[in-house]
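The structure appears below as structure tokens.
The values are calculated or read from the model by the stated rules, or taken from the named source; none is laboratory data. Not measured: the values here are computed from a predicted model. Virtual Cβ from ideal backbone geometry, glycine too; neighbours counted across all protein chains shown. Each accessible area value is taken on the protein alone, full model and side chains, heavy atoms only, with ligands, DNA and RNA left out. Shrake-Rupley method; radii C 1.70, N 1.55, O 1.52, S 1.80 Å.
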Amino acid sequence: RLAVTSFSQSIFGGPQTQAIRGMAKLKTHKGTAKRWKAIAKGLYQRRQIGLRHLNRRLTPDSRRSKHSPVVCTEGQKRHLDRLLPYSK
């Protein structure tokens, strides 16, 4: 019985499985992955906000300027690198 429990512990999460599996996987933040996309410079871009509704009050120029994507800042890049570990 002792051999069976030590065998089952090594298969189902005992102290030896960490060495067998290697390093743990990093989790991607799915909400961030749906909104941001990595670009070639190592930065991220997303769509501009404010084009869903209530657009009548905007001038045509400001409405048109929201069609271009927004590139992240350096502070956002550090945060996004942690939230999107496999996007590079």
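For the range 62-88, a residue qualifies if it is farther than 20 Å from THR28 by Cβ and polar (S, T, N, Q), and the qualifying residues are SER62, SER65, SER68, THR73. All conditions but one from (1) open to solvent by less than 90 Å² (accessible area, probe 1.4 Å); (2) part of a helix (DSSP H, G or I); (3) out of contact with any Leu (no Cβ under 9 Å at 6 or more places or on another chain); (4) modelled with pLDDT of 95 or more apply to SER8; the one that does not is (4).
Filtering the range 38-81 to residues that are open to solvent by less than 70 Å² (accessible area, probe 1.4 Å) and either touching a residue at least 60 places away in the same chain (Cβ under 8 Å) or of a type in the set (Asp, Glu) (or both) leaves only ASP81.
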